[in-house]
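The values are calculated or read from the model by the stated rules, or taken from the named source; none is laboratory data. Because the structure is predicted, anything quoted here is derived from the model rather than measured. Cβ placement follows ideal geometry from the backbone for every residue including glycine, while neighbour counts extend to all protein chains displayed.
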Amino acid sequence: MATDAPPPQKGSPDPADVALPSPEEFVAAQQSADFGELRKAHRSFAFPLTIAFIAWYLVYVLLSNYAGDFMGTKLFGNINVALVLGLAQFLTTFLIAWWYARYSAAKLDPKAEAIKSRLEGGA
């Protein structure tokens with residue numbers, strides 16, 4: 001039937017056989033040094049980049065509002081500073097997403113997986 005859950009993947013435990021952690025185990029995991037390191041690693045990447053991107057966006061908006069002559073400066077053909085900086089906003093967004101995906105895979109995912117396996121395995 002289409003609404004049935006997919007079969008478990010090879011090597012993964014049957015969901016019925018996996019014991020769910022108790023609330024106390026979740027609290028203990030949250031208070032562990034490993035979870036603190038995971039949170040610190042995430043925050044040390046996400047917060048500075050978020051602040052930098054918001055500042056970069058606000059500079060663009062302020063330039064658009066108050067520096068019309070500068071933003072209207074033609075660079076070549078019909079391409080002006082405003083268009084280049086506007087497109088740079090999109091480029092910056094994609095670069096930050098790509099960078100975060102790499103950072104997460106290298107630094108965050110292994111720590112999160114270790115915490116998850118410890119919770120699920122009871123070790």
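Computed values, structure above
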item: Single residue of segment 54-78 satisfying the filter (modelled with pLDDT of 95 or more and β-branched (Val, Ile, Thr)) that is nearest to residue 41 (Cα to Cα); result: 54
item: Single condition residue 79 does not satisfy, out of (1) free of Cβ contacts under 8 Å to residues at least 60 places away in the same chain; (2) surrounded by 12 or more Cβ atoms within 10 Å (Cβ to Cβ); (3) not hydroxyl-bearing (Ser, Thr, Tyr); result: (2)
item: Failed item in (1) part of a helix (DSSP H, G or I); (2) among the hydrophobic types (A, V, I, L, M, F, W, C); (3) farther than 21 Å from residue 49 by Cα, with residue 75 passing the rest; result: (1)
item: Sole residue being farther than 30 Å from residue 20 by Cα and either surrounded by 14 or more Cβ atoms within 10 Å (Cβ to Cβ) or touching a strand residue (DSSP E or B) at 6+ places or on another chain (Cβ under 9 Å) (or both), chosen from 63, 38, 58, 87; result: 63
item: Close pairs from segment 96-122: first surrounded by 12 or more Cβ atoms within 10 Å (Cβ to Cβ), partner of a type in the set (Val, Ile, Thr) and at pLDDT below 95, Cβ under 9 Å, at least 6 apart; result: 120/18
